[in-house]
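Structure first, commentary second.
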Amino acid sequence: MSNQNNGQTLTSLEKLNSGQVRHDWTLAEVEAIYNQPFNDLLFAAQNIHRQHFNPNQIQTSTLLSIKTGACPEDCAYCPQSGHYNTGLSKEQLMAVEEVVTKAQQAKKNGATRFCMGAAWRSPREKDLDVVLEMVRQVKDMGLETCVTLGMLTDEQAQKLAEAGLDYYNHNLDTSPEYYQQIITTRTYKNRLDTLQHVRDAGINVCSGGIIGMGEETNDRYGLLQQLANMPEHPQSVPINMLVAVEGTPLGEVEKLDSIEFVRMIATARIMMPQSYVRLSAGREDMNQETQTLCYLAGANSIFYGEKLLTTANPEAEADMQLFKRLGIQPERREMDQEELIQETPKVEEQQPAKPLFYDATKTH
């Protein structure tokens, strides 16, 4: 290859790495970003990350399963599917009071967003009414709210918006081409339609996918292309590494190479520069060095707590210890004036304040 061609390639790649907000990505462009030299990829992702976020802050969310098991969907990765025998018992929808107690503990532990997940194909109206009350009460505590309930109608999305819901999670999981290898009980269009209903209702979208499910690298490009070419980039993009659960069709899939996972994080950051990119399922299997590379690549959100629905998650104290070593602090939620008034006790009632967040800059 001539020097002139080398220069043209470099110029083209620099343009792709510019951090421009786009909704017209081609698969060839995604491939070029993903496969550039690893150091260049991380350098570009970190530069873009710093344009939009504090590089030393991580948004922390807690996820609670409010209704576990017996889901009618056949997602090949999911232990909650009623199609597989994974030893997971079916549970009823939790009571509002129990969820509020869990949210209070999450806030005390430093979470700024409380996510509630239910194993449904789509919510029944009587169940949705209970979830709406959960959203209202958790919101009143000063936490951001997020739910994942399966497919939604336009009317259901509107009701959630009226209750004050901040985020709705509905992952695309993989590329359109690989999707039928993973799920047969709903279509890719079903997922895109639900996300459109959520956007139309004015709720922030949380949507990402899972890698390590036996897909080809092209399917990873396809997933990122679908996410970044939405009319508006998802405000939150969870990137999950498959947690292989015995009893599911993917229970014996070979473990994903960690460098490939970091490449996925960095490419997502470059293509969706203003979105939060979240480390989600699979962190339990990542060593601290892999997680650190993910933060360098632009990941700036984690699920924080012992469980992600039904799979293990690094303990909160371990996260805080790593944050301390890296000089990272949990991101504080910006509150409006009304919330600040509600949060501030009257002078005569003030007690010595306990810090809401762990201060990673202090030594103990």
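The values are calculated or read from the model by the stated rules, or taken from the named source; none is laboratory data. The structure displayed is predicted, hence computed values, not measured ones. Cβ: placed from backbone, ideal geometry, glycine included. Neighbour counts: every protein chain shown.
Numbers for the structure displayed
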read-out	value
Test: residue in segment 189-208 that is among the β-branched types (Val, Ile, Thr), surrounded by fewer than 17 Cβ atoms within 10 Å (Cβ to Cβ) and outside any strand (DSSP E or B)	no
Residue ID - modelled with the highest pLDDT, chosen from residues in segment 303-320 that are of a type outside the set (Ser, Thr, Tyr) and touching a helix residue (DSSP H, G or I) at 6+ places or on another chain (Cβ under 7 Å)	Gly305
Leu149 at pLDDT below 95 and crowded, with 24+ Cβ neighbours inside 10 Å	yes
Subset of segment 237-293 [out of contact with any helix residue (DSSP H, G or I) (no Cβ under 6 Å at 6 or more places or on another chain) and β-branched (Val, Ile, Thr)]	Val243, Val245, Thr248, Val253, Ile259, Thr292
Residue count for segment 45-63, restricted to those that are over 30 Å from Ala95 (Cα atoms) and in a strand (DSSP E or B)	2
Check on Ala111, in contact with a strand residue (DSSP E or B) (Cβ under 6 Å, 6 or more places away or on another chain), in contact (Cβ under 8 Å) with a residue 60 or more places away in the chain and part of a helix (DSSP H, G or I)	no
Boolean, Ile265 is in contact with a Cys (Cβ under 8 Å, 6 or more places away or on another chain), in a helix (DSSP H, G or I), closer than 20 Å to Leu296 by Cα and modelled with pLDDT of 95 or more	yes
Pair list, Cβ under 7 Å, 6 or more apart: segment 122-149 residue closer than 24 Å to Lys108 by Cα, other residue assigned to a helix (DSSP H, G or I) and of a type in the set (Asp, Glu)	Gly142/Glu339; Gly142/Glu343
Residue check for Thr112: buried (at least 18 other Cβ atoms within 10 Å of the Cβ), polar (S, T, N, Q) and modelled with pLDDT under 90	yes
Unmet criterion (only one of (1) in a helix (DSSP H, G or I); (2) polar (S, T, N, Q); (3) closer than 22 Å to Lys67 by Cβ) for Thr185	(1)
Set Met286, Met272, Met241: member being within 24 Å of His49 (Cα to Cα), touching a residue at least 12 places away in the same chain (Cβ under 8 Å), surrounded by 16 or more Cβ atoms within 10 Å (Cβ to Cβ) and in contact with a His (Cβ under 7 Å, 6 or more places away or on another chain)	Met272
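Yes/no per residue for (1) modelled with pLDDT under 95; (2) crowded, with 20+ Cβ neighbours inside 10 Å; (3) of a type in the set (Phe, Trp, Tyr); (4) in a strand (DSSP E or B):
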site: Asn5; (1), (2), (3), (4): yes, no, no, no
site: Leu10; (1), (2), (3), (4): yes, no, no, no
site: Glu14; (1), (2), (3), (4): yes, no, no, no
site: Trp25; (1), (2), (3), (4): no, no, yes, no
site: Gln36; (1), (2), (3), (4): no, yes, no, no
site: Phe43; (1), (2), (3), (4): no, no, yes, no
site: Ser65; (1), (2), (3), (4): yes, no, no, yes
site: Tyr77; (1), (2), (3), (4): yes, yes, yes, no
